[in-house]
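Q: Have a look at the structure that comes next, please.
Read-outs: derived from the displayed coordinates by stated rules, not from any lab. All figures in this text were calculated on a predicted structure; none of them were measured in a lab. Cβ placement follows ideal geometry from the backbone for every residue including glycine, while neighbour counts extend to all protein chains displayed.
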Amino acid sequence: MNQLNDQPAGQNGEPADASPALPVPSPDAPVAVDYESLVQSISDYAIFLLDATGRVVSWNNGAQKLNGYAPHEIIGEHFSRFYTAEAVARGWPTYELQQASLTGRFEDEGWRVRKDGTTFWSNVVITSIRDSAGILTGFAKITRDLTVQREYLEALRQSEERFRLLVDCVKDYAIFMLDPDGFVISWNAGAARIKGYTREEIVGQHFSRFYLPEEAAAGKPARELAIARQLGRVEDEGWRVRKDGTTFWANVNITAVHDESNRLRGFAKVTRDLSERREREELERSGERMRRFLATLAHELRNPLAPVRNAIGVMHLESGLSPTLSRSRDLIDRQVTHLTRLVDDLLDVGRIMSDKVELRIAHIDLGEVLVRAIEAARPFTDAREQSVSVFMPANPLVVVGDMTRLVQVLQNLLHNASKFSPVGERIELSGRIDHNMAVLEVRDFGRGIPVGSLDAIFELFAQEKQGQEPVEGGLGIGLTLCKSLLEMHGGSIIATSDGLGLGSAFTLSLPLAAAPSAGADDQAELAAGAGTPLRILLVDDNRDSADSLAMLLELKGHDVRIAYDGMQAVELAPRVAPHLAVIDIAMPKMDGYATIAALREMPALKDTLFAAMTGFGQSSDRERTQAAGFHAHLVKPVEFALLEALLADAEARRQR
């Protein structure tokens, strides 16, 4: 076994800033670095060597612990046996060695296979090893089992020179040794990269300089060594300090190293920079907080919108309104629709950023998507006296996707085209098949887009201001939604324009699918009873919302009773025996969930159709209301079409 002599840094044989209270190795006394003991003492990281073809040339107890093979079973075998059959079939082990050879290193996370056939999720770093002539001689491979989050580098049985080469070439982990008193006696390339010190600067210095000053003053380094000495190892996560004074979030493992006679030789220390992971986790937490804020904001905005929408419905049923009142009613209707759309878009952006959007996949004819989108965008186009021309091929363009979300994409694009086109202008919608993709194009002849802004307009909250009128503003989230939703469908969108004043075109592509069999999506039509009123119970603590919706339903000929809280509903329901009960969720004292639980226990309501009414409309909210026993989930303000469908369902339930 060769020995490595490391000379401590500092003038006159003393470390530059070592504490006088800590014993310092004499500069004249050589310090032996036992690389074999260092690596073999690390039992939670697999560290081994491959030859240039990928065959195992060394093995150790740590690798045996992780992978399950004894040395005589694996040395000389190809390392691909650690990979799943699927990974081997697609040539992933060969690809890893190719990338490591080309770039010097390769890192991957994925499933790996033990001898007994069980799998574990691992982080793998492969580093190429070259001789002095630059010729590839093999690879150093480190595997970490991430199914148990706290692990160490596993020891490899190798010669002293192989241990030195292996440790020194690893750059993603700081691997070094301390003497029994905590002074650094070895340093690898990963330690230099992560902590910023060269070998000459740090060997002989006490490891407490890596800790925050307040932690070092409080004796944390000494406590960690004491724990490692007593228990064999210690693991910690926290802030550590680089040479330049900057801090990073580190995972640190300190393992006591003993020789054959159980004499403490020092400590093996492995440090990993986890700053990026911590930042990701913090971003996820921030995203979740933002999502909750947006959901609450939407709920608070939808509550006042609900009675306004109901009042508009009442005004539509009234006859004899003056032209001025009719125009005012329609103006309010358009603005409520616009505000509701903004709330929905803002919520959708939050859900997409938090990966909370779930697609309801089915075979869809894009022709039907266009029809629904044009109808949804009609308030915008009619208000500007614009026409929409459609040019579609004779054969259907069938894709696999979510009808509601694709209509939302087209509606956003039509709204965008309408907003930035002159009054009376036309908008063109065309479809075609191109390279087995269904392609739709929305073209306008309006303001156009500068070439330099064609990519930026898809960024969140980005808006092109050049030449824009003050009334054309918005939140800048519509195109971001379009792009995100199309990418979730495996599609894409691009914008083109010849410049300002020359119009623009948005081209979206979706993978083409085979058309579904005839009649696959047919649904039985439910016939509503003619002239027979439904008994309806409305439960809502918002009196404006309850009264306006009751007024709308009564004008439609139904018998409506109102309860302004859950207890009143429990008292009223047995006498009413409603065909339909619409229950607000967010009520004080007795909320909607407690209310339906009480109502469903009443025999008189065994045939009642229960609908939840709330300002929360995320998938998790719908799942919760369904689990509570609601048959339908209405989001405030309730669309008239959904209300009509609910009444038809209640009538069909009564007939059955």
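Q: So between MET392 and ARG543, what do we pick up on full extension, going 0.36 nm a residue minus the alpha carbon distance?
A: Stretched out fully, the MET392 to ARG543 stretch lengthens by 49.5 nm.
Q: Identify the residues of the stretch 89-124 with backbone N under 16 Å of a label point that sits 7 angstrom from the Cα of GLU77 along the Cα-to-Cβ direction, or state none.
A: Within reach of a label on GLU77, which here means backbone N under 16 Å from a point 7 Å along Cα→Cβ, the stretch 89-124 contributes 112-120.
Q: GLY617's amide H: which non-local residues (gap 5+, or another chain) put their own amide H closer than 5 Å, with H modeled 1.01 Å from N in plane and none for Pro or chain starts?
A: Excluding prolines and chain starts, which carry no amide H, there are no hits.
Q: Taking the Cβ of ALA628 as the center, what net charge do the other residues with Cβ under 12 Å away carry, scoring Lys and Arg +1 and Asp and Glu -1?
A: Result for the neighbourhood of ALA628: 0.
Q: Here is a further query. Evaluate the distance, in nm, between pseudo-label points positioned 7 Å from the Cα of GLN568 and of ALA456 along their respective Cα→Cβ axes.
A: 5.5 nm
Q: Moving to a separate point now. Cut-off under 27 Å on the C-alpha distance; same-chain residues fewer than 8 positions from LYS269 excluded. Which lysines are left, in chain and number order?
A: Once the sequence-local lysines are set aside, what remains near LYS269 is LYS65, LYS141, LYS171, LYS195, LYS220, LYS243.
Q: Further question: Identify all lysines with a Cα-Cα distance to LYS419 below 23 Å; exclude those on the same chain that are fewer than 8 residues away in sequence.
A: Within reach: LYS465, LYS483.
Q: Here's a follow-up. Using a simple spin-label model with points 7 Å from Cα along the Cα→Cβ vector, what separation in nm is obtained for ARG432 and ALA627?
A: So the label points at ARG432 and ALA627 sit 5.0 nm apart.
Q: Using 7 Å Cα-to-Cβ label points, what is the LEU500/ILE227 separation (nm, one decimal)?
A: Between LEU500 and ILE227, the label points sit 6.4 nm apart.
Q: Residue separation times 0.36 nm, minus the C-alpha to C-alpha distance between GLN655 and ALA641: what's the value? Present the calculation step by step, with values, prior to reporting the outcome.
A: Details: separation 14, 0.36 × 14 = 5.04 nm, distance 2.12 nm.
Computed gain between GLN655 and ALA641 is 2.9 nm.
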